[in-house]
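The structure appears right after this line, and notes come after that.
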Amino acid sequence: MKRTIKLAVAAAVALTSTAAFATNGDHLIGTGAKARGMGGVGIGMSHGAESALTNPALITSVDGTEISFGGTVFMPKVRTDTGAGLTDSAADLSVIPEVSIAQKASDNFYWGIGMFGTAGMGVDYRAHTGTLGTTTGNYSMVTNLQLMQFAVPLAYKTGGFSFGIAPVLQYGSLDINYRTDYMGGAGGNTRGVAQDFGFGYNLGAAFTEEGLTVGASYKSAIDMKYDGQISKAATDFGLSGFTDNLEQPAEIGIGTSYKLSGNTFAVDFKQIKWGSAKGYKDFNWEDQNVIILGYQYAQDSWALRAGYNHAKSPIKESVTPQINLFNLLGFPAIVENHYTVGGTYAFNKTTSADLAYVYSPEASQTFGAAGGLSTSGTITTKHSQQAATAQLNFKF
């Protein structure tokens, strides 16, 4: 167990050198390969130790001790045009770690540990230097938001009912870097990375009987403050009244799954409260409704999965062109549809491996960017994603 915890910490540290895009806003659509293979389903379907953050009540499906660790290779493709044609962001590859442990302590009580890269976004236009006195080159903008959550789920089960709570410690870092000398500004605006820790909690409940599971979950908002980042970046572009708070929003969701022979059908619905979250609401983000459909066919030693995840982009056009610029150039979380497949192979009774693949087709948005921010008066961003997740599981 001590060795496993050391591996978990090493994986957590690895996140600090990566930049991740996510899919529902800046959130990954699911934590763990099983969930991602089914579109992110997990509120009304247990994935064992993986369920630590999605619905802590569902870690009650483990029979003894279960350990899962793995990671996601994330490959976004982002292109933005601020008047000189579409140019590609160089932030096109990230590695996101995840480790989870769950144990049945008694007939009624279960506990676990989860460490997951849960969210992030970033672009890199440093290769596009632009021309002095113009807005070409996408301002050589580089952004990098990284979030990791550490949770200790505790669950109680009686009959078909289970209840869970997971205190959450969140680590986050944010860097916003660009140049304004193309417009006659002061030049480079590098300020380094700002970091913070925040605290929150997840609540979950579930009922299971004769193949049917119904679940509900709530995730509290977690306030983060990145000193000198948002306020300074906003001021440089003529915006006022912005703070350095960027609050990861609250979520509420329900889900259900039904198992018949080897077939499992699952549906989740959740709402992400971007519209009331500090920072995001200032940049004109709105609440996001997420619908997830998942299917699994399982036999004794293998399983196949497929899923679909849809959520309308939370970013809406603002009457303030600078806000449109920051959203589409620096934080283009606009993808909406996600198609997923996955599978599991059990080598023996104690060891298995999971794989998942996510494809998000290209989404495109064009907002107004007048006032000298774009030579064409608009900003256009195109964004697509691919991701592959691999995971090893041990039961004993």
Query raised in the report: Does at least one position in region 63-80 carry a residue that is part of a loop (DSSP other than H, G, I, E, B) and of a type in the set (A, V, I, L, M, F, W, C)?
Result: no
Query raised in the report: When region 189-235 is examined, which residues are found to be in a strand (DSSP E or B), more than 24 Å from the chain's Cα centre (by Cα) and aliphatic (A, V, I, L, M)?
Result: Leu212
Requested in this report: Please find, among Thr243, Thr264, Thr235, the residue that is surrounded by fewer than 21 Cβ atoms within 10 Å (Cβ to Cβ), hydroxyl-bearing (Ser, Thr, Tyr) and touching a Ser or Thr at 6+ places or on another chain (Cβ under 7 Å).
Outcome: Thr243
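Listed residues Ile292, Ile323, Ile272; which is buried (at least 17 other Cβ atoms within 10 Å of the Cβ), within 26 Å of Asp88 (Cα to Cα) and either at pLDDT 95 or above or touching a Phe, Trp or Tyr at 6+ places or on another chain (Cβ under 8 Å) (or both)? Steps first, answer last, please.
Numbers: Ile292 fails: within 26 Å of Asp88 (Cα to Cα); Ile272 fails: within 26 Å of Asp88 (Cα to Cα).
So the residue among Ile292, Ile323, Ile272 that is buried (at least 17 other Cβ atoms within 10 Å of the Cβ), within 26 Å of Asp88 (Cα to Cα) and either at pLDDT 95 or above or touching a Phe, Trp or Tyr at 6+ places or on another chain (Cβ under 8 Å) (or both) is Ile323.
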Report summary line: Counting only residues that are in a loop (DSSP other than H, G, I, E, B), surrounded by fewer than 20 Cβ atoms within 10 Å (Cβ to Cβ), at pLDDT below 90 and among the polar types (S, T, N, Q), region 81-109 contains a total of 0
Report summary line: If we keep only residues of region 53-62 that are in contact with a Phe, Trp or Tyr (Cβ under 8 Å, 6 or more places away or on another chain) and assigned to a helix (DSSP H, G or I), then the residue farthest from Thr158 (Cα to Cα) is Ile59
Query - Some residue of region 348-364 being buried (at least 24 other Cβ atoms within 10 Å of the Cβ) and among the small types (Gly, Ala, Ser) - result: yes
Report task. Could you list all residues from region 241-276 that are in contact with an Asp or Glu (Cβ under 6 Å, 6 or more places away or on another chain) and among the acidic types (Asp, Glu)? Result -> Asp244, Glu247
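Would it be correct to say that Glu50 is touching a Lys or Arg at 6+ places or on another chain (Cβ under 7 Å), surrounded by 20 or more Cβ atoms within 10 Å (Cβ to Cβ) and either farther than 26 Å from Gly200 by Cβ or modelled with pLDDT of 95 or more (or both)?
no
Being in contact with an Asp or Glu (Cβ under 7 Å, 6 or more places away or on another chain), assigned to a strand (DSSP E or B) and touching a residue at least 24 places away in the same chain (Cβ under 8 Å): is that true of Gly279 here? Full working, then the answer.
Numbers: in contact with an Asp or Glu (Cβ under 7 Å, 6 or more places away or on another chain): yes; assigned to a strand (DSSP E or B): no; touching a residue at least 24 places away in the same chain (Cβ under 8 Å): yes.
Criteria not met by Gly279.
Please enumerate the residues belonging to region 110-138 that are of a type outside the set (Gly, Ala, Ser), within 12 Å of Ala90 (Cα to Cα) and modelled with pLDDT of 80 or more.
Correct list: Val123, Asp124, Tyr125, Arg126.
Among the residues of region 352-396, what is the count of those that are hydrophobic (A, V, I, L, M, F, W, C) and over 30 Å from Asp236 (Cα atoms)? Steps first, answer last, please.
Start the filter on region 352-396 by keeping residues that are hydrophobic (A, V, I, L, M, F, W, C), which leaves 353, 355-356, 358, 363, 367, 369-370, 373, 379, 387-388, 390, 392, 394, 396.
Filter once more, so that each one left must be over 30 Å from Asp236 (Cα atoms): 353, 355-356, 358, 387-388, 390, 392, 394, 396.
The number of residues fulfilling the criteria is 10.
State whether the residues of region 70-86 include one that is within 19 Å of the chain's Cα centre (by Cα), small (Gly, Ala, Ser) and within 30 Å of Glu209 (Cβ to Cβ).
Residues of region 70-86 within 19 Å of the chain's Cα centre (by Cα): 70-78.
Going one step further and asking which of them are small (Gly, Ala, Ser), we end up with 70-71.
Of the ones still in play, those that are also within 30 Å of Glu209 (Cβ to Cβ) are none.
So far as region 70-86 goes, no, none of its residues is within 19 Å of the chain's Cα centre (by Cα), small (Gly, Ala, Ser) and within 30 Å of Glu209 (Cβ to Cβ).
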Report task. Look at Val267 and say whether it is in a strand (DSSP E or B) and closer than 25 Å to Thr366 by Cα. Result -> no
Query raised in the report: Taking region 22-35 only, how many residues are touching a Leu at 6+ places or on another chain (Cβ under 8 Å) and not hydrophobic (A, V, I, L, M, F, W, C)?
Result: 2
**Report entry** Checking Ile43 against (1) modelled with pLDDT under 90; (2) part of a loop (DSSP other than H, G, I, E, B); (3) under 25 Å from the mean Cα position of the chain (by Cα), the condition it does not meet
**Finding:** (1)
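Test Lys349 against the criterion of being of a type in the set (Lys, Arg) and either touching a Pro at 6+ places or on another chain (Cβ under 9 Å) or closer than 23 Å to Thr235 by Cα (or both), and give yes or no.
Numbers: of a type in the set (Lys, Arg): yes; either touching a Pro at 6+ places or on another chain (Cβ under 9 Å) or closer than 23 Å to Thr235 by Cα (or both): no.
No.
The values are calculated or read from the model by the stated rules, or taken from the named source; none is laboratory data. Please read all numbers here as calculations on a predicted model, not as lab measurements. No Cβ is skipped: glycine too gets one built from the backbone with ideal geometry, and neighbour counts run over all protein chains shown.
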